[in-house]
Every structure is written in structure tokens, then in C-alpha cells.
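Here the structure is laid out as C-alpha cells; the discussion comes afterwards.
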Amino acid sequence: MEIPAKYNPATVEDKWYSYWLENKFFHSEPDEREAYTIVIPPPNVTGVLHMGHMLNNTIQDILVRRARMEGKNACWVPGTDHASIATEAKVVKKLSEKGIRKSDLTREEFLKHAWEWTEEHGGIILKQLRKLGASCDWDRTAFTMDEERSNSVIKVFVDLYNKGLIYRGLRMVNWDPKAQTALSNEEVIYKDEQSKLYYLKYYVDEPAGSTDGEEEGAVVLKPEDAFDPAVKHQILHRDADGRRYAVVATTRPETIMGDTAMCINPKDPKNTWLKGKRVIVPLVGRSIPVIEDRYVEIEFGTGCLKVTPAHDTNDYMLGKTHNLETIDIFNADATLSEAAGLYVGMDRMAVRKQIVVDLENAGLMEKIENYQNKVGYSERNADTAVEPRLCMQWFLKMQHFADIALPPVMNDELKFYPSKYKTTYHNWLDNIQDWCISRQLWWGHRIPAYFLPAAEGAEEKFVVAETAEKALELAKALPGYENVTMEQLRQDDDALDTWFSSWLWPLSLFNHFSDPDNKEIKYYYPTCDLVTGPDIIFFWVARMIMAGYEYRGEMPFKNVYFTGIVRDKLGRKMSKSLGNSPDPLELIAKYGADAVRMGMMLSAPAGNDILFDEALCEQGRNFNNKIWNAFRLVKGWNVDEAAAQPESAAVAVKWFGAMLNKAGAEIKDLLSKYRLSEALMAVYKLFWDDFCAWYLEMVKPAYGAGIDVATYGATIGFFDSLLKLLHPFMPFITEELWQNLEERKAGETIMLQNAPACGEYETELLQQFEDASQIVMNVRNIRQTKGISPKDALSLFAKEPYNAAMDAVIKKLANISEINVVAAFDTQAQGVNFMIRTNEFFVPLAEHINVEEEVAKMRAEVEYYEKFLKQVNAKLSNEKFVNNAPENVVALERKKQSDATTKLENLNNRIAALLKK
RNA sequence: GGGAGCAUAGCUCAGCUGGUUUAGAGCAUCUGCCUUACAAGCAGAGGGUCACAGGUUCGAAUCCUGUUGCUCCCACCA
């Protein structure tokens, strides 16, 4: 059979993925085996695969495949998230391209479009996951808005409301004016921005020339004067007409129409003259009081703060404490409302530009400074600055959940990898804020609250129930509402935050809420590992833990593996605008899925960011090719029934068997600690270095000769074990080669084989081989430096004591004709000597020797060992060391001492012998 | 402003409770090879004052303190 010299992934990957699907190898049903469960972090239903998914899902697939090969009943449940705000934004955009505005549609019409979009584009990402080999149980594919998941959400909402944990309240929320919805605190991303600090003049509401409140020593500042915020005396401003004014620094001059007070710190010496006065809002002309509150930072700006309770969280708090009026000057889309009086209908950003001009023209602008501040942006609408806005929203009380979710993580019942995220988790739970769960969106789970007709001005009444029918029943039970009709009930228009469905994911996937005692949830829950990014530790991980304990009294998963963020090789985040994000599918097409998986894993220790470089995929591809060619070699051998097993092969088989046991145990240990990249590196070295570079070279028959039965059988067995160790990392090539390694029955797969058992091994054998390989490398080095071809056989002298166990191997790999064990080397012979540990070796080389060179080399060694010995001696002559250090450490130092002494003796003897001639 | 983490070879990282011959790996580099599995390869080699400064200790990359430089998270300084 002729096998091509290069591995071509494209020809095998689809074939084996279909084979796995046809045979339902990914499908899991509860049985008597131990369950191993992972629920996928559901990607956005309309999303496409990016490098982050590639990393995350590769890790999950490795864990799942490994678990399967450990005999566990592995179940990886896939699904997608409805991602309410992101998806709704996409649908709105698509509709607007067709000239349709959302406001022109009814809720039902809009949802019809959204579902169409979801069905058309949804699930593309799940198809893409197949390309990378993901072994998800596709029969279980779920969606956060399918029937079971939706019912779960509604049940939970009603339950939490009945428990008194959900409430409705007028609060300052983060408003996304583009999507026109509230956002949770977690959905706001703050970015540093270069902006301006505007210094506005607020004239005091008093006649020109007043001096009321001024103390002696008060300084009258001119606009051009430098302003020192730390001054300890009064500072005031007076214009040419003798009118006094205060200066307020603000980044948002467009909000002055909503000002209802000016605030100073009562302890601020600069501004005491303002106490009890009223000032006039520039341009607007409205008179507002000066209030005092210690919240104001004395040294910021001028120490005067404009208070706009409707448009700033802190100002809102101030407004509450000081009973200030609240003037909401913005519409929902952040244009100015009638209440503003000025600039009505203009967008806030346009108003900012215009009002600056108008203030300057009116002489009300003291100065403008450059200023760097933080501006909040919507996480899902990246170009939209959020606006603090006061409105009625639904909240979930979080303290109860923080209380139940903190202990299990802190005491390691539920483990985080890496554990540093425990601190992050702890801090967040310690300062937990109530969760704003309502969104003014249509795409999502509609809040099951129903408002009742109420008299003008009376407080709105509502009932919360799973269905409108139940709501009506509840309503009729209320005093005065006995005759209320279905038509009079009005369901809340808002939808729930996406994460309000995601936090139930491990529960709702196994139908906990419709049937809490069902067989599946009992079997698969708690799930085993969760693999996700640290960026959603609050959004998702923490909240799943809360829901898990609240509804099942049990953790949702035993371990959380936090992946890093995929960056480019310069350490920059991958982003569309930088164009530094490769398309995973293109990479797979170019290098093969196995190679890309390996490329991702090579540099991805848990929790560390991975600096992705396409060169890593190349390394993966090269490794695939290496495996492929090893296979070609082995399958190309002719088995010779009559051939006896050569000594070198017998030794090689024994040695590699030991090696495999050792590496297998190491790999198992690394995997159990989630050190996947190190586990992969261990397999890589085992295959490339130990198996290919050493073992195969040792057993390789001479050209044209056949291989004996025993060696061939052992080699096939080793290859089989290696493929199994590799399979979780590189599923496709390992299945392809495993299927061709030996006759297989229909329906067999490497996927369901047990990982090689790792038993005891002889450490002595490994040490002997270590020495032998050192000898081989020394001889090769001699050949290289002396220009001797590997084809010319050399002879080797070994000084007693010497263990000849590996002689056959040394002869074969170093092309040595004979190994002579002697008591002393012939001082007359020309050649090169070397040492392995304290053993001396000598290669006679009649004509290649330059005595001076050899002596110089050995003298350098002498120098090295003398220095070394001096250090060791110093240690050993230190009484404190000998008395305090543990016995084994002292013994080791003595061994070093005697070894170094022997080496020095050897070297000096050899130098003397060389020079004698 | 608060908190966490990091700093070891050109790059990416191991180095666990301090002691294992004056620090390891992969990649990259250099030298020699188209040797009959593989040039996507083979053989060999070079490369580090473990960020800096103190301290603890018989002994420190490892523990402590400080300094510097990065990274991330949280927080309402207009």
C-alpha cells in the first residue's frame, strides 16, 4: 500500500466526524457508569465562531473525550443563547436596512421577524463547532428561548417574586439610548476618554455690587488667573459690572437644563461666601439653591458641583437627601425633551456642541480644559454611551444569593482553576448590588407581571403569575377587583435580562423546573466541569452557582476552568477593527482541525491569556505530519516470521514500555490538574523524541530486511497506546490511524477505547537508557566535530565499572563496531574521551586528533570542576550546614564531592597521558 | 481610589512544602546533512547575574519587606 508522504487532514476530518455522528458516539443516556457532564457556555444564537470559541470548545472537547476514554459516561450538552439585546439590535438593524422601523411594528410582528432571523442564522455556530471536532451530544441541543427553558424562566420569576426577592422600583439605571433599554451594572463598559472640562459661570441671584458673605482676605479671581484648588481662603469671581458668580466645572454642559441645585462642601474655605445663596443656571436663567454636602470633593475643579438629579447617579442621591426637584430633560432616545425648555428634540451630543458655543457667546464660559474621564458604554452596543436614567425597573435582591453562593467556593467544595479568581468572586459577592433584571426589549422572556386598571393618580397594582389565566384569578381575589376582566389586564412590556435565563442553564437543560425528580437531572447534575472566560464570572458563573443552590441545594458544577483571552502575538486583544483576528474556519482549512487545536493548546495554561500565533498551528501541522510518517514507516515494514528478535530491539521494547508507563502517569496527573498544555507537551515529546527519534531508530530493521514478529507486535501496541493518549487533543488523525493500524470491526472507534493503563516501571531501566543515550550523543558529537561520517564505524572503550545492558542499542545508534571494557585506557592511543556521570569512555581516532585542542578542552573542564568542588567543599566544611541540613542533603553534597574528585582525577590523568606523547 | 496577579533564555511558559551536580521545556537561532518514514525532516550546538535593592536562613528563582515596570478586576470624583 502506498501512503502519501504528507498528511492531508481535509480528506479525513469530515469522514470521521460523520462516522462518529452516524454511530451516535457522542450521545449519552444515563446508565450505571459514572457521569461526566459539561454544559456548553451557550454562544449567541446569531454569532459566528471566533478564536475565543475555538479555544474554549477545544478545551471542553479535550476534557470530554478524555473522560470518555476513562470509562465515564460523558455528556456534553450544546445550545445557544437568545442574547436579547445583541440579537434585537441585529434584527433592528436588518429591518432598518429594509426601511422598517421597530416603532412601526407591533410586538408580535417584530417577534415574527426576530424568530425568522433566528431560524435562518441561528445555529450556524453549532455547525461550525463540528468542524473543530466538538463531540457534543447534538440530540440534546437547547436554546435559551425554547419551550422548556422559557417555562423555567417564568417559573423562577414567579417563585422569586413570591419569595419576596423580586421588586419593582424607580431607580437610576444605566440606559442604552440606542437600544432604548436599561442595562445591568455588569453590562456597562467604562472607557477612558479624552474629553473637556467646561467651567461655567453661575451668577449669584443678587443685585450687582453685593458683598454679602465675603470675609477679609477674600481673593477676587480674574478669568486668566490660575486656579489653585487647595487654597485656604475665600475665592470669588466678579465681573466688570460688579456681579458675583460661582464657577462650576462639568464634563456635561448639556445637562444644565436639569440643574436643580449647586452644591458645595461645607468645609470648603474657598466657597463659604456662597452659603445660603441662590445662583442662576446659565442660559436657562432659573434660580437654584446652593446646598452643602460633604460628598463634594473640595479639591476637584472649583469645589462647586452642579446637581442634576435626573441624570447622574450621585446627583440623584443628593437630590434625595436634600429634597431637590428632579427635571428629566431627556427622552428615551437621548434627545432633549420639552422639560429641557431649550434645544428640544436635539440629540444630547449635538446639544453639547451647540451649548458650548452659546455659553461662550453669552460670556458664561469661564474656560475649557482638556480632561480625561471615564465614560460608560453599552457592552452590546459598543458605540453608544450609556445615560444614567431614572425609571421603573424590576430588581432581584441579591444578598440572599450572595450568602448561599459564597461559602462553597471559598472552602473549595466548588473549585476554581486558577484559584486566584476566588478573590475576585469574593469581592464581588461582598459588595453585591441588586440585579436589574428588566430590559425594555421585545426579544426575550416577557415579564409575567400583569397590571390592573387603576384610578388616575393611584399607585399601579399588579399581579405576577405564570399565565394570564392565573394572573386573572389572582387579580379577582384582590379587594375591589372582583369583576376585573382579561381585557383589562395589561402584561408588562419588558423582557428579562438574557442572563436571567442563562443562570438556570445547568438546571433547565435537564428539565429541573418541569420535573425536578427526573432521571436525567439526578444522573447528570451536578455537572463536572465548566469551561468559560473570567470576563463572565459575575454575569454567569456566580449566578449559576446561586441558582444551583437555590433550586437544588447543590452546586451546578464541581470545577470551573477559566480560560484566558485570546490575543494576537503582540498581546493585543483580537478585534475586528484591528483585523488581527484570524477566522478559525480558515485556519482549519489551511492546517487541519487537529493542528489548530494543538496550536491553541500549546500556549494556553489555565487562566493565562494566550498569545495566538499562526506559527503554533504550523507546529501542530508538523506534528501531525510526524505522526503520519511514523505510521508510514511502521506499516511499511515486512514481518519476517523466521527472523529472531535482535538484542537492540528487545532492549528497546523493554525500555519504551517503561517510558510509556511513566509518561502515561505523568499525563494523567497533569490532566487531573487541568494543566492541559503541559499534558499535550508531554505527549508531544513522548511521541516525537522517545518514540520516533529513539525507539523507532532502535528497532528499525536494516534496509530491505524484515522485522521480527515480537518487535512488530510490540511496536503496533505502542503505537496504539500513543494514539489513545493523543486522541483527546487530536481526534481526527488519531481515529484515522487507529482505524488503519490493525483490522477493525464495523462500528469500532478509538473514541471509546480506554486510555492506556499506566502500571509500574523499572526506574533502573530508564537510567540505563539515559546513560546509553548520552553515550550515543557524545559519539555523534565527536563525529560532527571531527568530520567523521555516520557511515564509518567507530570502536568505543569503556572503563570499568561499566554496565553493558544497553550495548546493542549503543552500537546500533552510534554505529559502534565494538565496545571494549577495560581497566585503563591505553595511554598510547590517539582519541577523544568523555564522561557520563563518573564513567569514562574513549573513542580511538587515529588521525583526527589535535592534542592541544583536546587538552585545552579538558583543562576548561578541569577549571569548571575545580570551581564546583570548591563550592561543595565550602558547604561541607561549614559546621552549621552539616549539623542543620537534612541527612539526605548532606549525603548528596558528599556524593557531589566524591564525584567531582573522581572526575578531576580522570581528567588530569588523561591530560597527563596526552601530553606524555 | 481599592483589590488581585505577573516579572525566569530572542518568544511563550514550567520550576509544587526553600536543598537533586552553578536553572528546564517547546518554539526561534546557529552549524552540518536531500542518511532508503518524514526538509512540515535528521544530527549537533549556542543561549539566562531568575526585574532591582535589602532581609530571613547553613542554604533563596522559591519565604519576607521595599522599589520599579506591566496586566487585569472593582469603584459615583463632577
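The values are calculated or read from the model by the stated rules, or taken from the named source; none is laboratory data. Quantities reported herein were computed from a predicted structural model and do not represent experimental measurements. Every residue, glycine as well, gets a Cβ built from its backbone with ideal geometry; the counts of neighbours run over all protein chains shown. Only protein heavy atoms, including side chains, enter the accessible area calculation; ligands, DNA and RNA are left aside. Shrake-Rupley method; radii C 1.70, N 1.55, O 1.52, S 1.80 Å.
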Relative contact order (%) - the stretch A:250-336, alpha-carbon pairs under 8 angstrom, separation at least six: 34 percent
Which residue, A:LEU726, A:ALA652, A:ALA710, has the largest displacement toward the positive end of the dipole of the stretch A:646-787 when charges sit on each Cβ (Lys, Arg +1; Asp, Glu -1)? A:LEU726
Once R0 is set to 60 Å, what does the formula 1/(1 + (r/R0)^6) return for the Cβ-Cβ distance between A:GLU887 and A:ILE404, expressed as a FRET efficiency to the nearest 0.05? 0.70
Antiparallel DSSP beta bridges within chain A, as percent of all bridges there, nearest 5: 65 percent
Can you give the accessible area per residue of chain A, in Å², using a 1.4 Å probe? 45 Å²
May I ask which of A:LYS320/A:LYS461; A:LYS867/A:LYS903; A:LYS267/A:LYS367; A:LYS786/A:LYS811; A:LYS90/A:LYS178; A:LYS127/A:LYS668 have a Cα-Cα span longer than 21 Å here? A:LYS320/A:LYS461; A:LYS267/A:LYS367; A:LYS127/A:LYS668
What are the GluC sites (Glu not before Pro) within the stretch A:809-917 that DSSP puts in a loop, where the Cβ has at most 13 other Cβ atoms within 10 Å? A:GLU847
With point charges of +1 on the Cβ of Lys and Arg and -1 on the Cβ of Asp and Glu, referenced to the Cα centre of chain A, which listed residue (A:ILE327, A:ALA885, A:ASN839) lies farthest in the positive direction of the dipole? A:ASN839
Hey, can you grab everything whose amide H is under 5 Å from the amide H of A:GLU292? Only 5+ residues off in sequence or another chain; H modelled, so Pro and N-termini drop out. A:ILE264
Accessible area (Å², 1.4 Å probe, nearest 10) - A:HIS426: 60 Å²
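Roughly how big is chain A's charge dipole about its Cα centre, with Cβ charges of +1 (Lys, Arg) and -1 (Asp, Glu), in debye to the nearest 20? Each step should come with its number before you reach the end.
Details: 108 positive and 133 negative charges, 361 e Å.
Taking the Cα centre of chain A as origin, the dipole is about 1740 debye.
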By the Cα gyration tensor axes a ≥ b ≥ c (a/c under 1.5 gives rounded; else a/b larger than b/c gives prolate, otherwise oblate), the shape of the stretch A:571-671 is oblate
Counting DSSP beta bridges with both ends in the stretch A:797-908, the antiparallel % (nearest 5): 75 percent
With charges set only on the Cβ (+1 for Lys and Arg, -1 for Asp and Glu), what does the dipole of the stretch A:738-875 come to about its Cα centre, in debye to the nearest 20? 340 debye
Filter the cross-link list A:LYS24/A:LYS422; A:LYS24/A:LYS519; A:LYS420/A:LYS573 down to pairs whose alpha-carbon distance in this structure exceeds 30 Å. A:LYS24/A:LYS422
Using 0.36 nm per residue of separation minus the Cα-Cα distance, give me the extension gain between A:GLN897 and A:LYS94 in nm, one decimal. 281.2 nm
In chain A, helical segments from DSSP H whose Cα atoms cover 24 Å or more along their own axis and that average at least 0.0 on the Kyte-Doolittle scale are A:647-672, A:709-726
To the nearest 20 debye, what charge dipole does the stretch A:811-855 have about its Cα centre, counting +1 at the Cβ of each Lys and Arg and -1 at the Cβ of each Asp and Glu? 380 debye
Calculate the spin-label point distance for A:ARG294 paired with A:LEU342, positioning each point 7 Å from the Cα along the beta-carbon direction, and give it in nanometres. 3.5 nm
Cα gyration tensor of chain A, axes a ≥ b ≥ c as square roots of the eigenvalues: rounded (a/c below 1.5), prolate (a/b > b/c) or oblate? prolate
Counting only helical runs of four or more DSSP H residues, what would the 222 nm mean residue ellipticity of chain A come to if each run contributes -39,500 (n - 2.57) and the total is spread over all its residues? -12500 deg cm²/dmol
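Once R0 is set to 41 Å, what does the formula 1/(1 + (r/R0)^6) return for the Cβ-Cβ distance between A:SER103 and A:ILE368, expressed as a FRET efficiency to the nearest 0.05?
Values: r = 37 Å, r/R0 = 0.91.
Working from the Cβ atoms, E equals 0.65.
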Ordered by number, the trypsin sites (Lys or Arg not before Pro) in the stretch A:549-656 that occupy a DSSP loop and have at most 12 other Cβ atoms within 10 Å are A:ARG572, A:LYS576
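Rounded, prolate or oblate: which fits the stretch A:781-836 when a ≥ b ≥ c are the square roots of the eigenvalues of the alpha-carbon gyration tensor, with rounded for a/c under 1.5 and prolate only if a/b beats b/c?
It is oblate, given that a/c is not under 1.5 and a/b is not larger than b/c.
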Sorted by chain and then number, the residues having a modelled amide H within less than 5 Å of the amide H of A:VAL821, at least 5 places away or on another chain, are A:ALA798
So what is the orientation-averaged projected area of the stretch A:806-911, using the convex hull of its C-alpha atoms, in nm²? 8.5 nm²
Going by Cα centres, the stretch A:679-720 and the stretch A:343-393 are how many Å apart? 71 Å
With the dipole of chain A worked out from charges on the C-beta (+1 for Lys and Arg, -1 for Asp and Glu) around the Cα centre, which of A:PRO9, A:GLY79, A:ILE545 lies farthest toward the positive end? A:PRO9
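Counting only protein heavy atoms and using a 1.4 Å probe, what share of the accessible area of chain A belongs to carbon plus sulfur, as a whole percent?
49 percent
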In straight Cα distance, which aspartates and glutamates are under 20 Å from A:LYS191, not counting same-chain residues fewer than 8 positions off? A:ASP176, A:ASP312, A:GLU369, A:GLU379, A:ASP383, A:GLU387, A:ASP535
In terms of modelled amide H atoms, which long-range or inter-chain residues lie less than 5 Å from the amide H of A:THR80? A:ALA142, A:PHE143, A:THR144
